[in-house]
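Read-outs throughout are calculated quantities, based only on the coordinates presented, and are distinct from any laboratory measurement. These figures come from a predicted structure and were not determined experimentally. Note that we place each Cβ from the backbone using ideal geometry, even for glycine, and neighbour counts take in every protein chain shown.
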Amino acid sequence: MGETPGVSEADLKAKIIDQLQAIHVEIEDMSGGCGQAFSAVIVSPQFEKKTTLARHRLVNTALKAEIAAIHAWTPKCFTPEQWEKQKAEGKVAVAPGKDTTGEVVTGTTA
């Protein structure tokens, strides 16, 4: 059996949940389905008392092989408390690339 090219949203989500005990993971394939550019919203208790940079390093370490196989990776990392606060305020973040936030990435094609 040959290897499947690219990385899938399901693979990324499963590994993030397993490695980071994430309670919410939203993956967005921004590459038009070819598996080369992804953005994500990740909520994990492992992010407690960590800076944004430390959170990204934690995610990047967990996904080292997957990140090496793709072109672009953009995570947004939240603690459960931050996530609940955003939901309560009606400001729930979505993966960059969706047209529902100020961080719109439009015109992305494969």
note = segment 9-88 -> Rg/Rh from Cα coords, Kirkwood Rh, value 0.96
query = residue 23's amide H: which non-local residues (gap 5+, or another chain) put their own amide H closer than 5 Å, with H modeled 1.01 Å from N in plane and none for Pro or chain starts?
reply = 43, 44
request  = Order these peptides, 18-30, 64-76, 80-92, 38-50, by their mean beta-carbon neighbour count within 10 angstrom, highest first.
outcome  = 38-50, 18-30, 64-76, 80-92
key: Fraction of antiparallel bridges per DSSP, segment 1-80 only, in percent to nearest 5   = 45
ask   = Using r as the Cβ-Cβ distance of residue 71 and residue 24, and R0 as 41 Å, what FRET efficiency do you calculate, to the nearest 0.05?
value = 0.95
message = Check which residues have an amide H placed less than 5 Å from residue 74's amide H, if you skip close sequence neighbours.
response = 38, 39, 40
